[in-house]
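One structure is given here, and the rest of the page talks about it.
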Amino acid sequence: MEFEKRILVTGGAGFIGSHVVRRLVNFYPKYLIVNLDKLTYAGNLENLDDVLGHPNYRFEKTDIQSLEALKSVFERHAITDVIHLAAESHVDRSIDGPLEFVFTNVVGTVNLLEAARSAWSGSFENHVFHHVSTDEVYGSLGSSGFFTEATPYDPRSPYSASKASSDHFVNAYFHTYGLPIKISNCSNNYGSHHFPEKLIPLMINNILKEQALPVYGNGSNIRDWLWVEDHASAIDVIFHRGKVGESYNVGGLNEWTNLDLVHYLCDLMDRKLGRSEGASRELIRFVKDRAGHDQRYAIDASKLTQELGWSPSLRFEEGLEKTVDWYLSHPEWIEHVTSGAYQAYYQKFYQ
Ligand code: NAD
Ligand code: DAU
């Protein structure tokens, strides 16, 4: 079959990447979707069980730290476009060991830019390199204001510094070589298939198992939460209709303190599990704060809304209920990802 586009999605076995792959495979049968993933602890092909046999889907187990391997994938699949999500994504892990974040997020991104520049060197016309980034590159807000696309970069963790660096390289390839890039900077995602080291799935899993709920510091830090499928729809819109060379912020105007969010989850799950009122709140433990903990993130997504007509589809309360229901009906998924190496890491941080 002659495909209209042959899109390389990196990190497609991870949390957000799997939602992006599923959307593209199902919505665009005339596109070939090549999922490239190293399958680190965070990459899980079970996340894509439902698309594995599709005629427009391929998988390549490849490390973006290898330029040679990337060039070979570009050549074998005649890649026309890239949506780049592969990354080390967990802030706490970056504090424990920053180097892997440099190797994957910085060097890996530059490798991918080089592979695209080389594969498309005849003409950059009709190609797109979409880099998926984060609001954390902008640093930390006080009690007011929002991140816009014009906010100066001020990363403060090794993770956000590595993502900021990758964004700078992506922009440099646009200005220096004319590579047709687009960047999206999104706020915190939540939803199904979210690895339980991040706040929401960790709390759901621990509430379920009646284990301690570790809230960093006093729980007053604020995050701006967006349903993962709304992030995937934003990526779809920006990839197809965003302006080359530009950045777009993605977010849902949905700020919660960590403590309010944990309380909400406790109460929701107590109702669903038939536990007595307040039972899960008893599990909350205030633990040592994250080093350099950013106080508040809040995204102004008006550029994306006004220029490209995107808006979130779900209210947070609905999205959280769907998410909790997904975890309650997929105990085997939780079981598989919380065994082995993950357990050792978990104990190191929380015991
Ligand atoms: P994730 O950790 O769930 O998934 C990352 C994926 O990348 C995994 O499948 C992993 O195997 C793969 N990967 C890691 N190193 C690799 C390498 N060297 N080569 C190839 N594959 C590799 O991450 P996520 O939460 O789905 O985030 C995806 C992207 O979105 C990241 O770039 C992240 O910075 C960005 N982002 C995440 C959020 C969020 O809330 N999770 C918000 C905004 C932006
Ligand atoms: O803003 C986008 C970013 O959101 C993404 O770029 C990152 O990849 C993603 O991991 C996420 O980063 P955060 O650090 O905001 O997410 P995390 O789930 O690790 O933490 C959310 C908040 O909850 C943060 O203030 C720290 C706090 N926290 C986290 C954990 C895991 C706790 O209080 N207890 C916990 O056990």
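The values are calculated or read from the model by the stated rules, or taken from the named source; none is laboratory data. As the structure is a computational prediction, the values presented were derived from the model and not from experiment. A quick note on method: Cβ atoms are made from the backbone with ideal geometry, for glycine too, and the neighbour counts reach across all protein chains shown. For accessibility, only protein heavy atoms count, side chains too; no ligands or nucleic acids. Shrake-Rupley method; radii C 1.70, N 1.55, O 1.52, S 1.80 Å.
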Run residue 244 past the list (1) more than 16 Å from ligand 1 (Cβ to nearest atom); (2) under 23 Å from residue 141 (Cα atoms); (3) aliphatic (A, V, I, L, M) and report the number of the one that doesn't hold. (2)
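Among the strands (runs of 3 or more DSSP E) contained in the stretch 229-334, which hold 1 or more residues that are under 21 Å from the mean Cα position of the chain (by Cα)? Working first, answer last.
Numbers: elements: 247-250, 255-257, 284-287.
Result: 247-250, 255-257.
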Can you name the condition, by its number, that residue 122 falls short on among (1) at pLDDT below 95; (2) open to solvent by less than 10 Å² (accessible area, probe 1.4 Å)? (2)
Listed residues 74, 101; which is touching a Pro at 6+ places or on another chain (Cβ under 6 Å) and hydrophobic (A, V, I, L, M, F, W, C)? 101
Cβ-Cβ under 8 Å pairs, at least 6 apart or on other chains, the stretch 11-39 side of a type in the set (Val, Ile, Thr), far side in a helix (DSSP H, G or I) and within 16 Å of ligand 2 (Cβ to nearest atom): 16/228; 16/231; 16/232; 20/232; 20/235
Which residues, counting only those in the stretch 14-26, are open to solvent by 20 Å² or more (accessible area, probe 1.4 Å) and touching a Phe, Trp or Tyr at 6+ places or on another chain (Cβ under 7 Å)? 15
Pick from the stretch 27-54, criterion assigned to a loop (DSSP other than H, G, I, E, B), away from ligand 2 (no atom under 16 Å from the Cβ) and among the aliphatic types (A, V, I, L, M), ranking: most open to solvent (accessible area, probe 1.4 Å): 52
Which pairs have Cβ atoms under 6 Å, sit 6 or more apart or on different chains, and link a residue in the stretch 127-153 that is under 13 Å from residue 223 (Cα atoms) to one that is acidic (Asp, Glu)? 139/154; 140/294; 146/300; 147/135
Within the stretch 206-217, does at least one residue satisfy the condition of being within 16 Å of ligand 2 (Cβ to nearest atom), under 19 Å from residue 299 (Cβ atoms) and of a type in the set (Gly, Ala, Ser)? no
